1. How many of the residues making up segment 34-54 are surrounded by fewer than 18 Cβ atoms within 10 Å (Cβ to Cβ) and out of contact with any Asp or Glu (no Cβ under 9 Å at 6 or more places or on another chain)?
2. From R44, R35, grab the single residue that is within 22 Å of E2 (Cβ to Cβ), without any contact (Cβ under 8 Å) to a residue 60 or more places away in the chain and in contact with a Ser or Thr (Cβ under 6 Å, 6 or more places away or on another chain).
3. Cβ-Cβ under 6 Å, sequence separation 6+ or interchain: first residue in segment 8-31 and hydroxyl-bearing (S, T, Y), partner outside any helix (DSSP H, G or I) and open to solvent by 40 Å² or more (accessible area, probe 1.4 Å). Which pairs?
4. Of all residues in segment 11-32 being in contact with an Asp or Glu (Cβ under 9 Å, 6 or more places away or on another chain) and part of a loop (DSSP other than H, G, I, E, B), which is most open to solvent (accessible area, probe 1.4 Å)?
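The values are calculated or read from the model by the stated rules, or taken from the named source; none is laboratory data. Please read all numbers here as calculations on a predicted model, not as lab measurements. So basically every Cβ, Gly included, is an ideal-geometry build from the backbone, and we count neighbours across all protein chains shown. Just so you know, the surface numbers come from the protein's heavy atoms only, side chains and all, with ligands and any DNA or RNA stripped out. Shrake-Rupley method; radii C 1.70, N 1.55, O 1.52, S 1.80 Å.
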Amino acid sequence: METELLLPGEAARLLDMTPAGVKAVCARGQLEALRTSSGVHLFRRADVMALVGRRAQQRRGNGPQGEGTM
């Protein structure tokens, strides 16, 4: 089974944020990115969808204690 990879803009649409916001989330260690030899960030769809779920839980107030919103 192949892993589907997303560009920053694609991940941003799923996360309802800008591509720069996605890279910031990545820099904070909340989303892992792969980098191409030319420096393009790629994100695994499964990782992005997991973050979508965590963000939804945080908005509902069910997130881990002490974690701020993204």
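1. Summing the residues that are surrounded by fewer than 18 Cβ atoms within 10 Å (Cβ to Cβ) and out of contact with any Asp or Glu (no Cβ under 9 Å at 6 or more places or on another chain) in segment 34-54 gives 11.
2. On the way: R35 fails: in contact with a Ser or Thr (Cβ under 6 Å, 6 or more places away or on another chain).
Result: R44 is the single residue among R44, R35 that is within 22 Å of E2 (Cβ to Cβ), without any contact (Cβ under 8 Å) to a residue 60 or more places away in the chain and in contact with a Ser or Thr (Cβ under 6 Å, 6 or more places away or on another chain).
3. Once the first residue is hydroxyl-bearing (S, T, Y) and sits in segment 8-31, no partner that is outside any helix (DSSP H, G or I) and open to solvent by 40 Å² or more (accessible area, probe 1.4 Å) comes close enough.
4. Among residues in segment 11-32 that are in contact with an Asp or Glu (Cβ under 9 Å, 6 or more places away or on another chain) and part of a loop (DSSP other than H, G, I, E, B), the one most open to solvent (accessible area, probe 1.4 Å) is E32.
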